[in-house]
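The values are calculated or read from the model by the stated rules, or taken from the named source; none is laboratory data. A quick note: this is a predicted structure, and the numbers were derived from the prediction, not measured. Virtual Cβ from ideal backbone geometry, glycine too; neighbours counted across all protein chains shown.
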Amino acid sequence: MSERGAATDSTPGRGGSSSFRGALRWVVALVLAALAVRSLLADPSSLRALAGLDAATIAELWALSLLNNLFISQRMALAVVECGGPRVAAWAWFKLVIVGQFMNLVVPQLGNVYRGLQLKREHGVSYLAYASGLLTFVWLDTILGVLLCGILLAVARPLLALGGVRALPALGLFLVALLAAPLVVARVLPLFAPKQGLLARAHGVAARLISSATASLRRPAFVGRFCAIGLLVTVVQVLALRLCFRAVGAPMDLATAALLQVIVKVSNQIVLTPGNLGVTELAWGALGRAATGASLANGVAAALLFRVVFTPLLVVLGLAFGGAGVLARTRAERDAPGATDDA
């Protein structure tokens, strides 16, 4: 048994707590998945629509998935370079994004760790540059998505509401909060600066991350390129969302699809169950019903279609790009004799 394993086994609180949390997440996932299945069985029309799905629809969704990952990799590369990292070939970035998402299917957020390690080992990108780029990417991506959705709603459906809440004012408030949050944090951080030790180092890293993210807004060339590709990403994701709902018999207009795309994008940052199993299906069902009046089963079926179509493609590409070997090496390094938490 490795030292890491021995340490885990000999620390009941740590190992037991981790195992309990993992088991609890699976229990919650299974309960939510059962509720999603129940909604489908109560309204089998969506299941019949899925059963009659044609190959052309699947091909369209696969094409949109590939474009989405291609555009994401390009924007992530832009953000890392903007935050001080060296340039990395576009193909290498595409593979990093695919394998990272493949690993996220196994362990939430493992893909982000993998990308940081690979960029450091293979391409000389510092951990700080990658972390700053990732923060910048997520922040600007969310801002752009909310902004584009707000413009579309203002033009096409200014009175759209979800659960009695007007979408346009809510998006406006959220956008202000997104823009203000890092600026407020940047002002507050110096007021609580530890003098030394681990907290001081963590404080310094946090300050540099926030500084890099906010500084990116002062570079028009970067913002322009990022937003241009971001517009393509939004179009691709909205089309995929509409296609999934249309395939199960619940078509929606572009403005509503754009609103759901923003909500789904933000909610995906919070992983409650493995792969958000059950959470995604019920969330899509609730959002679809609130926005369009469709049944809960329609949204659940749309999410199921999304998962069933995109996950196998991600697994195939992840394996083709060496994802299985990466997972095996990760486990071997973890279990290697002499491994410690500091290794």
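List the residue pairs whose Cβ atoms are under 6 Å apart, where the first residue sits in region 65-79 and is under 16 Å from residue 224 (Cβ atoms), the second is β-branched (Val, Ile, Thr) and assigned to a helix (DSSP H, G or I), and the two are 6 or more positions apart or on different chains.
As it stands, the answer is 71/229; 71/233; 74/229; 75/229; 79/136, since those pairs meet every condition given.
Return only the number of the condition from (1) exposed (fewer than 15 other Cβ atoms within 10 Å of the Cβ); (2) modelled with pLDDT of 90 or more; (3) closer than 17 Å to residue 209 by Cα that residue 113 does not satisfy.
(2)
Conditions first: (1) over 23 Å from residue 236 (Cβ atoms); (2) of a type in the set (Phe, Trp, Tyr); (3) touching a Leu at 6+ places or on another chain (Cβ under 8 Å). Residue 102 passes all but one, so which condition is the exception?
Every condition holds for residue 102 apart from (1).
Look at residue 91 and say whether it is loosely packed, with under 14 Cβ neighbours inside 10 Å and at pLDDT 90 or above. Walk me through it before giving the result.
Values: loosely packed, with under 14 Cβ neighbours inside 10 Å: yes; at pLDDT 90 or above: yes.
Yes: the conditions hold for residue 91.
Please tell me if residue 266 is part of a helix (DSSP H, G or I) and surrounded by fewer than 16 Cβ atoms within 10 Å (Cβ to Cβ). Walk me through how you get there before you give the answer.
Numbers: part of a helix (DSSP H, G or I): yes; surrounded by fewer than 16 Cβ atoms within 10 Å (Cβ to Cβ): yes.
So residue 266 passes the test.
Can you tell which of 58, 72 is under 21 Å from residue 269 (Cα atoms) and outside any loop (DSSP other than H, G, I, E, B)?
72
Which condition breaks for residue 170 when tested against (1) crowded, with 16+ Cβ neighbours inside 10 Å; (2) over 23 Å from residue 103 (Cβ atoms); (3) aliphatic (A, V, I, L, M)?
(1)
Applying the selection to region 227-249, what residues are buried (at least 23 other Cβ atoms within 10 Å of the Cβ) and over 17 Å from the mean Cα position of the chain (by Cα)?
Residues satisfying the conditions are 244, 245, 247, 248.
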